[in-house]
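Worksheet: one structure, shown below.
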Amino acid sequence: MNATAALAVIGHNNPPEPTPFERAEAQIIMLFDEAKNWLDGEGIATQAQADDVSKLLDMIRKAKKAADEARVEEKRPHDEAAKEVQEKYKPLLTRCDLAADAAKKALAPFLEKLEAEKRAKAEAARREAEGKARAAQEAIRAAQATDLAAREAAEALIQDAKKAEAVAKRAENDKAHGKGGSRAVTLRTTYRPVLKDAREAARYYWKTRQSELEAFLLTLAEKDVRAGQQDIPGFDIIVEKVAV
């Protein structure tokens, strides 16, 4: 076998073209290593150094822009495929949501009525259980230790009171529901605040959640400062110079 054939056999062909990621990776690693040489904590002392670091910064910015463009292009087919799947299923999921919402709204009035009836029964059962418990206690106190018949009657009242207590507990745990499917549909109590006095609310949260309120106020101020406002009551506007 001649030398040329031997080289071909062992892989002396042209290597494959680097991928966009590999090109970006090589460029950014090289620039990062160069940046470590320049940015060693010593600071910039001359105009020449400032110009060189400015040039390096420009190269880093361009490398980042190119890498980000390559990232966007590489994931574009995946984004388009994901969007296509989302759009295909969206009408189906929307129909399910609409039907489920309508079913819940149809069930709610009946479940509310049924729940009211069950609560009324539970309250009546609770009153009966408490009355029988009181009667049993009074019978125990009134019975003579030597009066076997009275003690027997009191014991019967105690057992009756225990049964009434069990009935009351079952009634209190019995909730209105629809159970035609794998999961019962029940009522859930929700609470929704409606703001009626902003100043009172602000005073309350200033006392109870001051740090969170301060963070929120800071986000409002930052938005105004970005819009050009430089005089905000309650804030000092700090002027800083940064390299751009």
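Since every read-out is calculated from the coordinates, none of them should be taken as a lab result. Predicted, not measured: the structure shown is a model, and the values here were computed from it. Note that each Cβ is placed from the backbone with ideal geometry, even for glycine, and that neighbours are counted across all protein chains shown.
With contributions of -39500 (n - 2.57) from each DSSP H run of at least four residues, the per-residue ellipticity at 222 nm computed over the chain stands at -26000 deg cm²/dmol. Pairs to check: Lys121/Lys179; Lys65/Lys223; Lys113/Lys207; Lys65/Lys90; Lys62/Lys90; Lys64/Lys88. Give those whose C-alpha atoms are more than 32 Å from each other in this structure. Table pairs above 32 Å Cα-Cα are Lys113/Lys207; Lys65/Lys90; Lys62/Lys90; Lys64/Lys88.
Footprinting exposure proxy ranking of Asp236, Asp51, Asp224, fewest other C-beta atoms within 10 angstrom first, gives Asp236, Asp51, Asp224. Using only Cα atoms, locate the centre of segment 19-45 and the centre of segment 94-129, then give the distance between them in Å, rounded to an integer. Computed from Cα coordinates, the inter-centre distance equals 66 Å. With 13 Å as the cut-off, how large is the P(r) tail for segment 194-244, expressed as percent of Cα-Cα pairs? Result: 68 percent of Cα pairs exceed 13 Å.
Magnitude of the charge dipole for segment 194-244, about its Cα centre and with charges confined to Cβ atoms of Lys, Arg (+1) and Asp, Glu (-1), is about 180 debye. Annotation: the residues Val185, Val85, sorted from fewest to most other C-beta atoms within 10 Å of their own C-beta, follow the order Val85, Val185.
Round to the nearest 10 and give me the degree value, 0 to 90, for the angle of helix 210-226's Cα axis relative to the longest principal axis of the chain. The angle comes out near 40 degrees. Taking each pair of different alpha-carbon atoms in segment 133-185 once, compute 1/r for the pair, average those values, and report the inverse of that mean as the Kirkwood hydrodynamic radius in Å to one decimal. By the Kirkwood definition, the hydrodynamic radius is 13.4 Å. Please build a GNM for the chain, connecting alpha carbons under 10 Å apart, and tell me which residue among Arg95, Arg127, Arg226 fluctuates the most. Answer for the Gaussian network model of the chain: Arg226. The Cβ shell under 11 Å around Leu213 holds other residues with a net charge of +1, Lys and Arg each +1, Asp and Glu each -1. Pairwise alpha-carbon distances in the chain exceed 28 Å for 77% of all pairs.
Between Ala108, Ala67, Ala215, the Gaussian network model of the chain with springs among Cα atoms under 10 angstrom shows the greatest mean-square fluctuation at Ala215.
Could you work out which residue, out of Ala227, Ala149, Ala116, moves most in a Gaussian network model of the chain, that is, has the largest mean-square fluctuation with Cα springs under 10 Å? So, out of Ala227, Ala149, Ala116, the one fluctuating most is Ala227. Neighbour counts of other Cβ atoms within 10 Å put Thr190, Thr208 in the fewest-to-most order Thr190, Thr208.
The distance between label points at Asp236 and Lys90 comes to 5.0 nm (points 7 Å beyond Cα on the Cα→Cβ vector).
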